[in-house]
1. If I go through the range 1-48 residue by residue, how many of them are of a type in the set (Asp, Glu) and closer than 20 Å to VAL101 by Cβ?
2. Among the residues of the range 4-14, how many are in a loop (DSSP other than H, G, I, E, B), touching a residue at least 40 places away in the same chain (Cβ under 8 Å) and not charged (D, E, K, R)?
3. Pull out all pairs, ordered by first then second residue, where Cβ-Cβ is under 8 Å, the residues are six or more apart or on different chains, the first lies in the range 76-97 and is among the aromatic types (Phe, Trp, Tyr), and the second is in a strand (DSSP E or B).
4. Which strands (runs of 3 or more DSSP E) sit wholly inside the range 34-79 and have at least 2 residues that are more than 11 Å from VAL13 (Cα to Cα) and among the β-branched types (Val, Ile, Thr)?
5. From the set of residues in the range 80-110 that are acidic (Asp, Glu) and assigned to a loop (DSSP other than H, G, I, E, B), which is surrounded by the most Cβ atoms within 10 Å (Cβ to Cβ)?
6. Every residue in the range 34-67 that is in contact (Cβ under 8 Å) with a residue 24 or more places away in the chain, of a type outside the set (Lys, Arg) and surrounded by 14 or more Cβ atoms within 10 Å (Cβ to Cβ), please.
7. Is it fair to say LYS17 is among the charged types (D, E, K, R), in contact (Cβ under 8 Å) with a residue 60 or more places away in the chain and part of a loop (DSSP other than H, G, I, E, B)?
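The values are calculated or read from the model by the stated rules, or taken from the named source; none is laboratory data. None of the values given here were measured: they were computed from a predicted structure. Glycine also receives a Cβ, built like all others from the backbone with ideal geometry; neighbour counts cover every protein chain displayed.
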Amino acid sequence: MASKIRRGDNVLVTTGKDKGKEGRVLSVDRKKQRVLVEGANKIKKHQKANQQNPQGGIIEREAPLHISNVAYLHKGSPTRIGFIVETEERGGKTKRVKRRVAKTTGEIID
């Protein structure tokens, strides 16, 4: 099944301690249905010293959120996402193309 939220999308957190925060999606785990949103759901992790972090200590980073707890932002307002299937001609052949659509406005997202 195609994922409605993709890496690089701007989303709004709809539930939880960070409700109302906006951020960019850093990664999507389709199997676990989790997204990592920049600046949302921050946690403190005790990090042992290693080559990347020779000092070690307590670092702050984002934790994944469930995909149902974020809403796609289209032109600054949250919206649901749908799909449409279009046919395109490429090199004399017709090909079906699936595109994401904002449900509130009906505009094609990408």
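1. Looking only at that region, the number is 1.
2. Looking only at that region, the number is 2.
3. Within 8 Å, the pairs are PHE83/LYS98; PHE83/ARG99; PHE83/ARG100; PHE83/VAL101.
4. Fully inside the range 34-79 and qualifying: 57-62.
5. The qualifying residue surrounded by the most Cβ atoms within 10 Å (Cβ to Cβ) is GLU107.
6. VAL35, LEU36, VAL37, ALA40, ASN41, GLU62, PRO64, LEU65, ILE67
7. Criteria not met by LYS17.
Every residue, every condition in (1) farther than 15 Å from ASP110 by Cα; (2) modelled with pLDDT of 95 or more; (3) in contact with a strand residue (DSSP E or B) (Cβ under 8 Å, 6 or more places away or on another chain), yes or no:
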{"position": "MET1", "(1), (2), (3)": "yes, no, no"}
{"position": "ARG24", "(1), (2), (3)": "yes, yes, yes"}
{"position": "SER27", "(1), (2), (3)": "yes, yes, yes"}
{"position": "GLN51", "(1), (2), (3)": "yes, no, no"}
{"position": "PRO54", "(1), (2), (3)": "yes, no, no"}
{"position": "ARG61", "(1), (2), (3)": "yes, no, yes"}
{"position": "PHE83", "(1), (2), (3)": "no, no, yes"}
{"position": "GLY91", "(1), (2), (3)": "yes, no, no"}
